[in-house]
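A short worksheet on the structure shown next.
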Amino acid sequence: QLPLALLLSLLMGYIVWLATANRMSIAWEISYGLSSQEFIVYCQPLINAQTGGCDGIELLLRWHNPRQGWVPPDVFIPMAERQNLIAPLTRFVITEAVSHLPSLPDNPAFHIALNVAASHFHDRAILDDLQHLWWPANPRPQLIVELTERDALPVVDQRVVAHLQKTGVKVAIDDFGTGHSSLSYLKTLSPDVLKIDKIFTASIGTDAINATVTDMVISLAQRLNISVVAEGVETAEQAAYLRERGVDTLQGYYFARPMPLADFPAWLSAHQSD
Ligand code: C2E
Ligand code: CA
Ligand code: CA
Ligand code: CA
């Protein structure tokens with residue numbers, strides 16, 4: 001009896017130790033990666049659906065880990081959230097964006113969209129970070145904070161959202177229509193922008209039910225005076241369909257793939273002379 005119980009508890013202890021060691025090493029890898037320039041900020045152009053001009057960019061983080069190669073953000077962002085490392089990553093993205101501001105359009109009609117995980121909101125940390133890193137930059141484009149929600153809903157502090165809006169930051173609800181990013185957000189946080197998830201864009205011309213949902217989300221946003229961005233636009237048909245329904249902004253491989261922030265000025269001047 002006794003040796004078996006002892007064996008079992010030893011085994012349990014070993015499993016717990018393994019799990020902790022693994023978590024520790026992920027946290028270490030991310031922190032180390034930050035200090036040794038393994039992270040790179042990419043950006044993807046936001047296209048004005050009416051004029052075809054570039055109205056701004058969304059900042060997208062990339063991690064090139066020398067041991068594992070390119071690690072996709074869908075993998076490392078959730079890990080960083082669990083390890084409380086999302087704030088340092090967001091600060092890195094803001095700092096990189098600020099250092100590139102001199103080469104970006106400086107008119108207030110140009111938007112820079114920053115992804116902020118909901119877990120970065122609950123201790124108001126994002127407000128301090130913007131205070132220190134973003135607001136001193138001058139001139140600066142219009143900032144949009146894209147709220148990404150991965151876990152449970154009540155994490156987002158609506159007072160923080162309201163405070164951001166009071167200071168002139170626009171707030172977007174990302175991946176609208178999927179997972180936890182739902183209708184209730186429209187009421188609790190009065191967003192300025194809705195981003196329609198790419199699964200809805202992909203449904204255009206292929207999936208009648210999701211395409212109907214897409215139409216309804218667009219008209220709902222229009223009635224509430226919320227600007228609509230459609231992401232994942234890959235074809236001319238999708239772009240035409242969305243434009244016809246009055247979507248304000250288009251984003252996707254059809255217009256441009258994400259590129260290093262440093263490559264954007266050259267892309268922009270080529271796009272403007274088209
Ligand atoms: P997201 O915010 O919804 O970003 C859009 C994703 O769609 C990006 O993936 C982008 O590369 C991809 N995409 C753009 N156009 C197309 C298209 O036409 N077709 C398809 N199939 N995909 C397209 P990415 O860069 O891999 O990022 C994945 C997610 O990781 C993002 O989804 C966002 O939730 C998160 N993420 C990325 N960077 C950051 C960051 O700096 N902070 C935080 N908190 N999350 C980030
Ligand atoms: Ca986003
Ligand atoms: Ca999205
Ligand atoms: Ca997404």
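Values quoted throughout were computed directly from the atomic coordinates according to the rules given, and no laboratory measurement underlies them. Model, not experiment: these values are computed from the prediction. When we count neighbours, we look across all protein chains shown, and the Cβ atoms used for this are built from the backbone with ideal geometry, even at glycine.
Between residue 166 and residue 10, the modelled labels are 6.1 nm apart [label points 7 Å from Cα along Cα→Cβ]. The local environment of residue 63, defined by Cβ-Cβ distances under 10 Å, has a net charge of -1 under the rule Lys, Arg +1 and Asp, Glu -1. Once backbone amide H atoms are built at 1.01 Å from N, residue 56 has 46, 111 as its partners under 5 Å, excluding neighbours fewer than 5 places away on the same chain.
Computed across the range 228-274, the Kirkwood hydrodynamic radius from all distinct Cα-Cα pairs reaches 11.6 Å.
Net charge of the neighbourhood of residue 196, taken over other residues with C-beta under 13 Å away and scored Lys/Arg +1, Asp/Glu -1, is -4.
Largest mean-square fluctuation among 119, 35, 182, in a Gaussian network model of the chain whose springs join Cα atoms under 10 Å apart, belongs to 35.
Along its first, second and third principal axes, ordered by size, the range 1-153 spans 77, 34, 31 Å in Cα coordinates.
How many angstrom lie between the Cα centre of the range 62-121 and the Cα centre of the range 217-247? Between the Cα centres of the range 62-121 and the range 217-247 lies a distance of 26 Å. Positive end of the dipole of the range 1-150 (Cβ unit charges, origin at the Cα centre): among 36, 60, 145, the Cα lying farthest that way belongs to 36. Taking θ as phi - 60° and the Karplus parameters 6.51, -1.76 and 1.60, the scalar couplings of the range 50-62 work out to 7, 8, x, x, 8, 8, x, 9, 9, 7, 10, 7, 10 Hz in sequence order, x denoting glycine and proline. In the chain, a dipole from Cβ-located charges (positive for Lys and Arg, negative for Asp and Glu) runs towards its positive end, and of 185, 120, 265 it is 120 whose Cα lies farthest in that direction.
Which order do the peptides 187-197, 74-84 come out in when sorted by mean C-beta neighbours inside 10 angstrom, highest first? Display every interim value, and only then the final one.
Working: 187-197: 20.0, 74-84: 16.3.
Highest-to-lowest ranking by the protection proxy: 187-197, 74-84.
Assuming R0 = 41 Å, what is the FRET efficiency of residue 103 and residue 67, from their Cβ-Cβ distance, to the nearest 0.05? Don't skip to the end; give the middle numbers.
Values: r = 32 Å, r/R0 = 0.78.
After rounding to 0.05, the efficiency reads 0.80.
With each label modelled as a point 7 angstrom along the Cα→C-beta vector, the residue 137-residue 272 pair spans 1.8 nm.
Working note: Karplus 6.51/-1.76/1.60 with θ = phi - 60° gives the range 234-249 the couplings 10, 10, 4, 4, 4, 4, 5, 4, 5, 4, 4, 8, x, 4, 7, 9 Hz, where Gly and Pro are set to x. For the chain, the longest principal axis of the C-alpha atoms and the axis of helix 73-82 are separated by about 50°. Just checking the listed ones, 213, 161, 229: in the Gaussian network model of the chain with Cα springs under 10 Å, the one fluctuating most is 213.
Using 1/(1 + (r/R0)^6) with R0 = 41 angstrom and r between the beta carbons of residue 95 and residue 184, what's the FRET efficiency to the nearest 0.05? If you can, show how the numbers build up before the last one.
On the way: r = 33 Å, r/R0 = 0.82.
Using R0 = 41 Å, I get an efficiency of 0.75.
Computed from Cα atoms alone, the Kirkwood hydrodynamic radius reported for the chain is 20.2 Å.
Once the Kirkwood radius over Cα pairs is known for the range 179-254, the Stokes-Einstein relation at 4 °C and 1.567 mPa s delivers a diffusion coefficient of 104 µm²/s. Only the Cβ atoms of Lys and Arg (+1) and of Asp and Glu (-1) were treated as charged; on that basis the dipole of the chain about its Cα centre amounts to roughly 500 debye. When the P(r) of the range 92-213 is calculated, the portion above 23 Å amounts to 37% of the C-alpha pairs.
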